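Each remark here refers to the structure printed beneath this line.
The values are calculated or read from the model by the stated rules, or taken from the named source; none is laboratory data. Since this is a predicted model, take the numbers as computed values, not measurements. Please note: Cβ atoms are built from the backbone with ideal geometry, for glycine as well, and neighbour counts cover all protein chains shown.
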Amino acid sequence: MSKQQNSSANPALTDDGPIRRFLNATEIDTRMIGMIVALFAIWCAFDIASGILRGNFGGLLGGSFLTPRNLWTLLNQTASIAVMTTGMVLIIVMRQIDLSVGSMLSLVAVAGGVLQVYQLGPSLGVGHPAIWVLAIIAILALGTAIGAFNGYLTAYAQIPSFIVTLGGLIAYSGVAFLLAKGETVAPMDKTFKVLGGTIPASWIGPFWTWTLSFAACALIVFAIVNGRRQRVRFKFPLRPVWAEVTLAALGSIAVLGAAAVVNSYAWPPKLAENYAKENNITIPPGVEDKAGDAICMAGDAVVRCLEGLTLGTGYAAPVLIAFAIGAIMSFIATRTRFGRYVYAVGGNPEAANLAGINTRWLTVKVFALMGFLVGVSAIISSARLDAATNALGALNELYVIAAAVIGGTSLAGGVGTIYGAILGALLMQSIQSGMGLLNLPAAFQNIVVGTVLVIAVWLDQIYRRNVK
Amino acid sequence: MSNIPLIEMRDISIAFGGIKAVDHASVDLYPGEVVGLLGHNGAGKSTLIKVLSGAYKRDAGQIFIDGKEVAINNPRDAKALGIETIYQTLALADNVDAAANLYLGRELRTPFGTLDDVAMEAATRKVMHRLNPNFRRFKEPVIKLSGGQRQSVAIARAIHFNARILIMDEPTAALGPQETAQVGELIKQLKSEGIGIFLISHDLHDVFDLADRLTVMKNGKVVGSARTSDVDHDGVLGMIIAGKCPPGAIPGPGALQSAA
């Protein structure tokens, strides 16, 4: 017994193979490694398959999936679902569910659209700088309020959240339809649109992408050093130095690699041409080649070519928002009392109650937070589409729940991580956009997505049984 | 011992859907004293104690601490008054580690308002070392711990915050003989520090070993109370089974009238 205890207290000292020793020493979540491997495998498979079906578009393995353009788009498409998934993790960890997020997204997006297009636009003048600010505040406030209402019904009226939010799923989309009068509300305010990632103003460019990425690397190193210093201060067992260095290196490589990819996605030629002309940037002469994404002058005409002027897009606003939300939500989940209580309630609601935690009020807060995040996603989605419709969030609840579950959140409660759920969202979106790239019919895509969800949870069950 | 009881529960009643789980029960506890609460399953002892720990809200009755009436409406109130409870079910959040359970509801925080996990773990290591020197599994969720280890986490939580009144509901039910002896030692030590302890137990030997007085309940009513030195096992069994008060015990409202 005591030997077993020692081995678990000092994992680095056991006589396992090198891989196990590496995993133990770095304390990396093996489940996360599995997800990352699966993600890369899916990416490679799509790249190869798209290469076979449609020819080479510059992908790493001869297809069109592993191109900066596709990966950049993938990140933007994932942002909205990823933001909501971070909130869904806490909801599910607390043994609740929120089926209404899709309809709620439609509702708050339409409300924000109506406010911009029919109210503020005419009264303040189209393009007035206060419009986007007021629209954002209204959307976030409405989302938070609806979420709190869901939470109130669940916690104080004691209606199961499944029923409350199933009702919301049906009712909120009806409200959205009435608000929009069945129409598409468009166009959005031009500053508001920046948050959608579709226009040059929402791309931060290579300089800021590198700056932010290096800052993120510094943060990783700081976190590791600080954690070690704390453990030294209290004389706790330490990770070996090589493991700490490896962790810092892996984290930094991932951050900088992602930055390199998004920076190498060039502005679309037409936009780059306009930008160059407006800012008096000379476009170098060159030879036309339709496969290139740079622009050059062939005689008097601006054409696409391999060598010439390129403007890197860098990260787009939705991706930055999603990163920020992911970081903040991870912080809330692991470093704050609120997060600790959410997990404790999920682990044993009775115990949490006896420990003096106000579980009802906590439930309201968690649902309100979910509503706030739905508001953030509504802003991203409607800005991206440049329109709001009552179908904007249709089926989003299922993708969000699926992403959280694929990311390792247990429906039994008490277990789940924010980063896992974001990876889950990326995995789901990769499968969907990969199949889109292969021109697979929508019906077939649905079959695959549904199957992947079930298989992912099945594999997770096997993993959890064997890991103990 | 002073004359003012540390805790006095007077005429406590609570009913669940028409069933009187506790019916005009009164108990008291002096500083540095261990009072055993005995009775069948369903006699109302756990319910009575949950009224004191704030888990249940009483329908009637008063609670006095140091002679002053106090309001206990939820577990937070009870903890604020220095009443700590070790529940029979342990009431641990299974998915988080020992330190998180120890500090559940009163986490230590850094100047930035974030959880100070390192400080909590350090304090947990200290208190756990006192209770269970072999315990090393500070990083694992408590569901992975053995019954005895879980029990020591629950006990650590109760004694770590300078409790004045400790409620132990079947504290040794999940333990082996050696660990049971450890808990006995602990109770004696806490007692010497002036802490008052309510000990709920099925085990007569435990109660006679550790308790100064005992109170027996039956069908929600107090059968009687006695100093452990004034009664014997058979007499107490008679109280538990038949509600009959032996000589030496002070009969309560639940005692058989003819027995007096």
Task: Options A:A38, A:A109; residue that is closer than 22 Å to A:V319 by Cα and either polar (S, T, N, Q) or crowded, with 22+ Cβ neighbours inside 10 Å (or both) - done: A:A109
- [ ] Could you check, for segment A:417-434, whether at least one of its residues is within 14 Å of chain B (Cβ to nearest Cβ), outside any helix (DSSP H, G or I) and modelled with pLDDT of 90 or more?
- [x] yes
TODO: Output the number of the condition that B:E107 fails; it satisfies all remaining conditions of (1) touching a Lys or Arg at 6+ places or on another chain (Cβ under 8 Å); (2) touching a residue at least 24 places away in the same chain (Cβ under 8 Å).
DONE: (2)
TODO: Could you grab me the full set of residues in segment A:232-261 that are of a type outside the set (D, E, K, R), under 19 Å from A:T26 (Cβ atoms) and either within 14 Å of chain B (Cβ to nearest Cβ) or not in a helix (DSSP H, G or I) (or both)?
DONE: A:V232, A:F236, A:P237, A:L238, A:P240
Task: Qualifying positions in segment A:455-468 - under 15 Å from A:G424 (Cβ atoms) and either surrounded by 12 or more Cβ atoms within 10 Å (Cβ to Cβ) or touching a helix residue (DSSP H, G or I) at 6+ places or on another chain (Cβ under 6 Å) (or both) - done: A:A456, A:V457, A:L459, A:D460, A:Y463
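So in segment B:207-242, with the set limited to residues that are small (G, A, S) and more than 23 Å from the chain's Cα centre (by Cα), which one is nearest to B:Y30 (Cα to Cα)? Even if it seems obvious, please write down each step before you answer.
Our first condition is that a residue be small (G, A, S); within segment B:207-242, this holds for B:211, B:220, B:224-226, B:229, B:235, B:238, B:242.
From what is left, the residues that are more than 23 Å from the chain's Cα centre (by Cα) are B:235, B:238, B:242.
Numbers: B:G235: 24, B:G238: 26, B:A242: 28 Å.
Here the residue is B:G235.
Can you go through A:A291, A:A344, A:A327, A:A301 and tell me which one is away from chain B (no Cβ under 11 Å) and in contact (Cβ under 8 Å) with a residue 12 or more places away in the chain? Working first, answer last.
Numbers: A:A344 fails: away from chain B (no Cβ under 11 Å); A:A327 fails: in contact (Cβ under 8 Å) with a residue 12 or more places away in the chain; A:A301 fails: in contact (Cβ under 8 Å) with a residue 12 or more places away in the chain.
Only one candidate qualifies: A:A291.
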Task: Residue list for segment B:110-144, filter: crowded, with 16+ Cβ neighbours inside 10 Å, touching a residue at least 24 places away in the same chain (Cβ under 8 Å) and aliphatic (A, V, I, L, M) - done: B:A123, B:V127, B:M128, B:L131, B:V142
Task: Index of the failed condition, A:I379 passing every other in (1) within 15 Å of the chain's Cα centre (by Cα); (2) more than 23 Å from A:W72 (Cα to Cα) - done: (2)
Task: Answer from B:V22, B:V27, B:V51, B:V34 - the residue that is surrounded by 23 or more Cβ atoms within 10 Å (Cβ to Cβ) and farther than 19 Å from B:G254 by Cβ - done: B:V34
Task: Members of segment A:305-358 found to be within 30 Å of B:L104 (Cα to Cα), buried (at least 19 other Cβ atoms within 10 Å of the Cβ) and among the hydroxyl-bearing types (S, T, Y), listed by number - done: A:Y341, A:Y343
Open item on the list: If I filter segment B:225-244 for residues that are crowded, with 18+ Cβ neighbours inside 10 Å, assigned to a strand (DSSP E or B) and in contact (Cβ under 8 Å) with a residue 40 or more places away in the chain, do I get at least one hit?
Closed with: yes
TODO: Scan (1) surrounded by 22 or more Cβ atoms within 10 Å (Cβ to Cβ); (2) outside any loop (DSSP other than H, G, I, E, B); (3) modelled with pLDDT under 95; (4) of a type in the set (S, T, N, Q) for the single condition A:T409 breaks and write down its number.
DONE: (2)
Open item on the list: Out of everything in segment B:145-161 that is in contact (Cβ under 8 Å) with a residue 40 or more places away in the chain and more than 12 Å from chain A (Cβ to nearest Cβ), what residue ends up being nearest to B:Q189 (Cα to Cα)?
Closed with: B:I159
- [ ] May I ask you to list the residues in segment B:137-154 that are aliphatic (A, V, I, L, M) and not in a loop (DSSP other than H, G, I, E, B)?
- [x] B:V142, B:I143, B:V153, B:A154
TODO: Please note which helices (runs of 4 or more DSSP H) are completely contained in segment A:56-142 and include at least 1 residues that are over 30 Å from A:A258 (Cβ atoms) and over 22 Å from the mean Cα position of the chain (by Cα).
DONE: A:101-114, A:121-124
Open item on the list: Testing A:A215 on (1) surrounded by fewer than 16 Cβ atoms within 10 Å (Cβ to Cβ); (2) small (G, A, S); (3) outside any loop (DSSP other than H, G, I, E, B); (4) touching a residue at least 60 places away in the same chain (Cβ under 8 Å), one condition comes back false. Which one is that?
Closed with: (4)
- [ ] Check B:S46 against each of (1) closer than 23 Å to B:G184 by Cβ; (2) crowded, with 22+ Cβ neighbours inside 10 Å; (3) of a type outside the set (A, V, I, L, M, F, W, C); (4) away from chain A (no Cβ under 14 Å) and name the one condition it does not meet.
- [x] (4)
Task: Any chance B:I197 is in contact with a Pro (Cβ under 8 Å, 6 or more places away or on another chain) and either assigned to a helix (DSSP H, G or I) or in contact (Cβ under 8 Å) with a residue 40 or more places away in the chain (or both) - done: no
